[in-house]
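Note sheet for the following structure.
The values are calculated or read from the model by the stated rules, or taken from the named source; none is laboratory data. Given the structure is predicted, the values throughout are model-derived calculations rather than measurements. Ideal geometry is used to build each Cβ from the backbone, glycine not excepted, and the neighbour counts take in all protein chains shown.
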Amino acid sequence: MSSVTLEQTSKKFGDFTAVREMDLAIRNGEFVAILGPSGCGKTTTMNMIAGLEDVTSGTIRFDDRDVTEVSTQKRGVGFVFQSYAIFTHMTVRQNLAFGLEVQGVEQAEIDRRVGDMAEFMALGHRIDVPSAGLSVNEMQKLAIGRSAIVEPSIFLLDEPLSNLDAAFREKMRAELRGLQRALKQTMVYVTHDQIEAMGLADRIAVMNHAVLQQFDTPVNIYARPANVFVARFMGAPGMNIVNSRVTEGGVLFGGRDADFVALSREDMATLRHHGERDLLLGFRPEELRLGEVGAPGSIAADVALVETVGRRKIVHLVSGTTAFHGVCDRGVPVRAGEAVGVTISPDKVHLFDTETEARLQWPVEATHG
Amino acid sequence: MTGLILRTVVVALFAAIALLPISWMATMAFKPPAEWTSATAELTFLPKDPTWSNFVYVFTGEVEGQIVSLDRTVWWPLFASLLTSVIGTLIAVVAGTAAAYAVSREKVGGSIGLSLLQLRIFPPLAVMIPVMIMWAFLGMIDTWWGLSLIYGIVTLPFSFWLMKSYFDELPREIEEAAIVEGCTAFEAFYQITLPIVVSAVASTALFIFILNWSDYLIALLLTRKEWTTIPVYMNALATAASGQLYGAKAALGLIAAIPPIILGISIQRFLVQGLTFGALKQ
Amino acid sequence: MSYTPHTGTADALAAQRRTLARRLILPTQILLVFIVAFPLLMQVYISLTWWTPLDGTLWYSAYESWNWFDNFAEIFRDPGLHGAVWRTILFVSIAVPIEFGLGLLLAALFYEGVLARPVFYSLILMPMMIVPAVAGYIFFLIFQQTGPLNALVGIVWDGAYQINWLNDVNRAFIAVIVADVWQWTPLMFLILFAGLMSVPHDQMRAATILGANWRQRFFRIALPRIKAVIFIAIGLRVIECFKIFDMLFVMTSGGPGVATESLSLYLYKQTFQSLEWSYVAAIGITVLVVLSVIAAIILTRTSRPSNTSEAS
Amino acid sequence: MRGSGQSRRSFLKGGAALGTVAAIGINPRFIRPAHASGYAPGMTGGPTGFSGAERFQYNEGMSEGRAIEGIKRLVADGSAPSKLRILLTDGAIGQITEPFPSGTSVKEVWEAETGIELEIIGAPAGDIWARVLQDVTTRSGAFDIYTHPWNSLGDLVEAGGAAKLNDFVEAYQPDWADEERGTPTAQTAELLYKYGGDYYGASLDGDFHTWVYNKGYFEDDAHAADFRAQYGRDLAPPTTWEESDQISAFFTGRTGLGGTTIYGNGNDMAPFWGLPRFYARLAAQAMPNMYWFDDDGNPNLGTPEAVKAAEEYVKSREWAHPDALSWTFAEGYSGIGSGQTPHVTTYTNVAKFVDRFNDDGSPANPAAGMLSAYAPPGVQHDGGLVRRSVIYYNITGTVSSQAQNAEAAYLFLQWLSSTRTYSWMTGNPAGYFDPFQKANFEEPLVQETYHDYMMDAIRETVSRSVPTINFAGQTALDAALDEELQAALTGQKTAEQAMMDANRRWQRIIRRRGEDKMIPIIQASRAAWPTIVD
């Protein structure tokens, strides 16, 4: 197992840029999820790591070894396909042995390792069945086992759970996590499902439009999204982003005269540094509280619609021309048509630049000064 | 990249080998008699003195420089080929599609699929005597309907197996829903299922047309003169006039070759299924 | 939901559908019975006699020369037939493997990728679109003593024009094999390439990642996966090759002598020259029995996948 | 553009197309002012409208006239059919349908005099027997009259396909065997018209295979001098096969007309078409004849004489064109016409198709004007020189047993094959029908078409021609022999093996056909052989 480093890695298909100048340092033994909407470049990134796609520019290193020009066969990666790509014309044993055989490992060694791997994957009793007859669960195990048996330096998984139904997926997710720990493997896991990413990964790389948006722990991604895209993409529903304006008196919610939003001291410091300007204000729906109209520090809003989803209510709110939503327990007595006062705790407010949509931080980059 | 170029070169070589014999006939069709063989002149690929006379000859029966006038021009054989191929195709496609639907949906007809396959595998010459006697008894020798009928029968296996592979893929629920809505079973077949597979039917028909058009043996045995098809006409031309009407025969060969090439290339993807009886899709 | 079929119960519906199916299959059944029943009966009947049209009687009077199984015994004694069968088998077992090999090579090249693929694809398919009788004529032209091939040979080996192709026993056999390979390699290619394209891309990539080189991927993953397609392609060619008539008839008429006489050409000569119709009938029945077994095998092979898909 | 009318008139132009000599239908050659009209005194029918037409006219006292009268009676009693359907060899159609020498055609005269339409259905020469057989065995009844190789007559009769004509011949008295005008000998008539003692066919051909040579080559000083130096005798038409083969060997590889390389043996050797060459060699191997079967009806193919003939035949391939094994008669014609070969054995109409000049006086083929013919070569025996040719193919008309009206069909055949109509028709260069009746050879139009040298050679050939097989089983017997000969020609067997195998196959075919039935027929067929020894 090894670390994986991408430096300024780009991939172009003709005029189309699939991945743009990506920098990504995956640590040894780490479980990393690459997350993003479809077409964001996450699969291309993984294919480049595996060597299935040549890079257009930049470098890929496994540990200190530059593998940019190394062919797929020689890279020593494990790859689990969304379809599992089981060789259905072979038995379980033949599947497991395939990688060792083509690499010219001795037969006795192959037999031993195949036996061990089958036991480890709990496929020992199925070892001589045709693999076409396996259950989905077994197929996934076989796919992982088949990759693991060649002791890859890094393990890549391409949405391996997306074929499964919801209940089974959760079970498989847990199993996968367990396997990763047991195998002590560096794993890169591509998914469009943020819950999967949050639940599995040590760190998450969020991608959009060929660009890496943020690479951080799940907690940080959630708590300190690097930009508007990440803020909106993570969480269900995503973060509310409203236009607002910094004035002498404070931050005007939705650019209106009346209501100011309370900010943390840290944010206030940031804003003072920037001076009077427009910005984007972000807050998570589950972080706002509904109260009486006119409560101190609250923003006046009307309830447009209330949806009940499971144990939660999603409340659609309108304040002036600004629409946003909140989530509350289903026990909260709120009805459409009511006027409410919305409070957001100051340390849960996120500030983003209107132009770059990047998180405003102290000190802000000079270009925005 | 070098691999790609190397592969392309090899493939181009194959393409040249595929093309050269055909183009030899094609250029032969435009050569005057003196250029037909190396007995009278040095052979060249392109005609030194290109001429339409071979075509004029087979289409009008007479041409300057040919003292032999043809008893029959190519027009009627051309028409005979076209008519019998088209009607044979209709018979095969209509009967085959209906049977394929029935077998796909209701498993009726026992081992009809096997019987049809045997029909295709069997060498026609081993059974031609009784067929000739039967055709004669029914007055069908050298008639357009007699030839069309046998064409329809010998290509039936293809239309059956092809269409069955299509119907097998189509979920029954489509018709069941229609029947629930109040259609009769036939209306469900005719108004719901058939329109869905209409392009498959069309491709099957083109494919079978090519098969019928390409026939030589059956027309040789079951026609006399009136309804001989192009390939038979072409070969007979050589027997009668001499083996040396190379140019005229090449012109006929070209005329016979063009429709299948055009149709065949246009349905090439479909051809695979036809030739594998639909076994490819698994 | 609350729809109720107004056609009645599910049983009635099923009955209606079966009735329709029986009607739809009827034309095909009639055509089959029409083409099979009488010929089969007549074949069996006259094969047990010595009847030939030269007897001056019609076929139904064939019982006058009843001979039980003499014709079938003749099958084992007839060197002409044995020669034709042997030549046909030789022809099939040389031509089909070459066609398969070249077709596979082409399919592999296309699978790996070539420039201008659609253009080359169409060009390479062209020979199989040619009417077989016309293909026979094309190669008749090419292999003439005074034809282009010898002209080409004359250019390469100056003056050594005089290779005799179609009037030499061995070279004529080679020539007809060349013609058959030319015409039908494209079919092999077409089917095998389609087969290769149906191999899941992920499996090939998985094999690559596991360290398999090109050859290992091709022979251990792709080929085994398209076994059924290969079976069909070869089976189809063997059957058609075994029946071969049109091309040979036009190109060599079985000549020189009987050097290129296939089973079909032999039957043609028996029918129209020797007029041994009862003997031809006996051969026909023998061939039918042999081929039925083969057809049954093919059918079980090809219908298996559709059965499993219905089950799932 | 050139209209077809013009090309019809100038049809001999552009005759460089050697490959086209085997006609599907040659347009008429002779353009003469049409001034005569009406019948000559005492004549009631026949062609009119050209000078000499009276030679082909007839009255009720003549064979043609009797046929016409017979038809008229059938028409009168309402039993005549409205048309007659004839299966005819493709290349022969022109002689019936093309006007000759100008004015009217055979078909027009018939239709005008009888009102019965002639429907001609053509088929290639090589396929026509298969078509006949198809009609007979399937009882299609698509034709009233078949034309087919004379060799197939026995098969056709045995298969029940031909109507017996005895009664009609008795009633209408054709002039087929007329001493003045008919077949060269009474024997020939027996051979050509009868099968098993009964009348079945009407001969429409004279396929006595004839030797044609390039006189220009033979008289060329350089060739002649070299030949004399090599063989110590003059380069002259051969009298024996040995001499013939020497000539073939001598010419092979020499340079001929237009720089072409000569092959010495011009014969075509394809199955079916090449067979008569072997038969001719075989027939001369004994005194007075080497019969195909011995007195007891056993095949003679296993004899040393047959092996010798086969060996010589196989050897002759050396001097033939390399593609000769796939050649039919047509390639043979073009070989002699182009000057590629010094001599060829073939059908007599080679003279009319090849040896001719265009309207502008230029030769239609390079060798035109240089050709001549000689009597068949033979084998020198102690008792004399046996020179033999064969009758082979010889288009023959038969009345189908399924004819709608056999009498009407017969009457047409009698009319067509009687000496006046036939002489008229055979003079027409537009088809295959060749002269064989005495009257034909006397006819100026025929002489003009076939050239004088051919007239003499034909007469000599006819008297030395033996019949090839024409009894039931012929197709099988010839096919078996053919196959073995081809095996020998292509080196798969020695000539001896081939002959032994052919002998066995013939025995088997005869056994299978029934020896009791076959042997009398075989013995009877020997009676028609000429015994002339030079």
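Observations on the structure shown:
- Restricting attention to segment A:144-169 and to residues that are touching a Leu at 6+ places or on another chain (Cβ under 9 Å) and in a helix (DSSP H, G or I), the residue that is surrounded by the fewest Cβ atoms within 10 Å (Cβ to Cβ) turns out to be A:PHE168.
- Qualifying residue in segment C:196-216 (condition: β-branched (Val, Ile, Thr) and either surrounded by fewer than 22 Cβ atoms within 10 Å (Cβ to Cβ) or more than 7 Å from chain A (Cβ to nearest Cβ) (or both)): yes
Yes/no per residue for (1) more than 21 Å from D:ASP198 (Cα to Cα); (2) at pLDDT 90 or above; (3) in contact with a strand residue (DSSP E or B) (Cβ under 8 Å, 6 or more places away or on another chain); (4) aromatic (Phe, Trp, Tyr):
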| residue | (1), (2), (3), (4) |
| --- | --- |
| D:ALA406 | no, yes, yes, no |
| D:ALA439 | yes, yes, no, no |
| D:THR461 | yes, yes, yes, no |
| D:GLN474 | no, no, no, no |
| D:LEU485 | yes, yes, no, no |
| D:ALA488 | yes, yes, no, no |
| D:THR494 | yes, yes, no, no |
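- Residue check for D:GLU305: touching a Lys or Arg at 6+ places or on another chain (Cβ under 9 Å), assigned by TED's automatic domain parsing to the domain that holds D:ILE510, surrounded by fewer than 22 Cβ atoms within 10 Å (Cβ to Cβ) and part of a helix (DSSP H, G or I): no
- Counting the residues of segment D:122-158 that are free of Cβ contacts under 8 Å to residues at least 40 places away in the same chain and of a type in the set (A, V, I, L, M) gives 3.
- Segment D:484-534 - residue that is of a type in the set (Asp, Glu) and within 27 Å of the chain's Cα centre (by Cα) and, of those, farthest from D:GLY302 (Cα to Cα): D:ASP534
- Answer residue from segment C:169-191, given it is of a type in the set (S, T, N, Q) and over 14 Å from C:ALA108 (Cα atoms) and is surrounded by the most Cβ atoms within 10 Å (Cβ to Cβ) among those: C:GLN183
- Positions within segment D:175-218 being in a loop (DSSP other than H, G, I, E, B), within 27 Å of D:PRO520 (Cβ to Cβ) and of a type in the set (Lys, Arg), in sequence order: none
- The number of residues in segment B:176-222 that are within 30 Å of D:ARG131 (Cβ to Cβ) and not in a loop (DSSP other than H, G, I, E, B) comes to 13.
- The set of residues from segment A:1-38 being part of a loop (DSSP other than H, G, I, E, B) and touching a residue at least 60 places away in the same chain (Cβ under 8 Å) comprises A:MET1, A:SER2, A:SER3, A:ARG27, A:ASN28, A:GLY29, A:GLU30, A:GLY36, A:PRO37, A:SER38.
- Odd one out for D:LEU371 among (1) out of contact with any Asp or Glu (no Cβ under 7 Å at 6 or more places or on another chain); (2) within 28 Å of D:ASP205 (Cα to Cα); (3) away from chain B (no Cβ under 14 Å): (1)
- Those helices (runs of 4 or more DSSP H) of segment D:123-174 in which at least 2 residues are more than 16 Å from C:THR271 (Cβ to Cβ), considering only elements entirely within it, cover D:153-158, D:166-172.
- Within segment C:121-164, the set of residues being at the interface with chain B (Cβ under 7 Å from one of its Cβ atoms), part of a loop (DSSP other than H, G, I, E, B) and within 31 Å of the chain's Cα centre (by Cα) comprises C:ILE130, C:VAL131, C:GLN144, C:GLY147.
- Sole exception among (1) surrounded by fewer than 24 Cβ atoms within 10 Å (Cβ to Cβ); (2) under 19 Å from D:GLY65 (Cβ atoms); (3) of a type outside the set (Phe, Trp, Tyr) for D:SER463, by number: (2)
- Restricting segment C:60-86 to residues that are crowded, with 21+ Cβ neighbours inside 10 Å and within 31 Å of the chain's Cα centre (by Cα), the residue that is nearest to C:PRO186 (Cα to Cα): C:ALA84
- Scanning segment A:53-76 for residues that are within 15 Å of C:ASP202 (Cα to Cα) and touching a residue at least 40 places away in the same chain (Cβ under 8 Å) turns up just one, A:GLU53.
- Residues that are under 25 Å from the mean Cα position of the chain (by Cα) and either at negative phi or of a type outside the set (Ser, Thr, Tyr) (or both) do not occur anywhere in segment A:89-97.
- C:ASP180 fulfils the conditions (1) in contact with a strand residue (DSSP E or B) (Cβ under 6 Å, 6 or more places away or on another chain); (2) away from chain A (no Cβ under 14 Å) except for a single criterion, (1).
- Test: residue in segment C:89-100 that is within 10 Å of another protein chain (Cβ to nearest Cβ), touching a residue at least 40 places away in the same chain (Cβ under 8 Å) and in a helix (DSSP H, G or I): no
- Lone unmet requirement of (1) modelled with pLDDT of 90 or more; (2) more than 14 Å from chain D (Cβ to nearest Cβ); (3) out of contact with any Lys or Arg (no Cβ under 8 Å at 6 or more places or on another chain); (4) assigned to a helix (DSSP H, G or I) for C:VAL229: (1)
- Test: B:ALA99 is at pLDDT 85 or above, away from chain D (no Cβ under 14 Å), surrounded by 22 or more Cβ atoms within 10 Å (Cβ to Cβ) and more than 28 Å from C:PRO53 (Cα to Cα): yes
- Restricting segment B:102-124 to residues that are assigned to a helix (DSSP H, G or I) and charged (D, E, K, R) leaves a set whose member that is farthest from the other protein chains (Cβ to nearest Cβ) is B:ARG120.
For (1) surrounded by fewer than 23 Cβ atoms within 10 Å (Cβ to Cβ); (2) of a type in the set (S, T, N, Q), each residue gets a yes or a no:
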{"site": "D:TYR410", "(1), (2)": "no, no"}
{"site": "D:SER417", "(1), (2)": "no, yes"}
{"site": "D:ARG420", "(1), (2)": "no, no"}
{"site": "D:TYR432", "(1), (2)": "no, no"}
{"site": "D:ASN440", "(1), (2)": "no, yes"}
{"site": "D:VAL446", "(1), (2)": "no, no"}
{"site": "D:HIS451", "(1), (2)": "yes, no"}
{"site": "D:MET454", "(1), (2)": "no, no"}
{"site": "D:THR475", "(1), (2)": "no, yes"}
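- Members of segment A:268-303 that are of a type in the set (A, V, I, L, M) and loosely packed, with under 14 Cβ neighbours inside 10 Å: A:ALA269
- Members of segment C:246-290 that are of a type in the set (Gly, Ala, Ser) and either in a helix (DSSP H, G or I) or within 10 Å of chain D (Cβ to nearest Cβ) (or both): C:SER253, C:GLY254, C:GLY255, C:GLY257, C:ALA259, C:SER264, C:SER274, C:SER278, C:ALA281, C:ALA282, C:GLY284
This table checks each residue for (1) free of Cβ contacts under 8 Å to residues at least 60 places away in the same chain; (2) surrounded by 20 or more Cβ atoms within 10 Å (Cβ to Cβ); (3) among the charged types (D, E, K, R).
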{"site": "A:ALA205", "(1), (2), (3)": "no, yes, no"}
{"site": "A:ALA210", "(1), (2), (3)": "no, yes, no"}
{"site": "A:ASN220", "(1), (2), (3)": "yes, no, no"}
{"site": "A:GLY238", "(1), (2), (3)": "yes, no, no"}
{"site": "A:ARG245", "(1), (2), (3)": "yes, no, yes"}
{"site": "A:GLY250", "(1), (2), (3)": "yes, no, no"}
{"site": "A:PHE253", "(1), (2), (3)": "no, yes, no"}
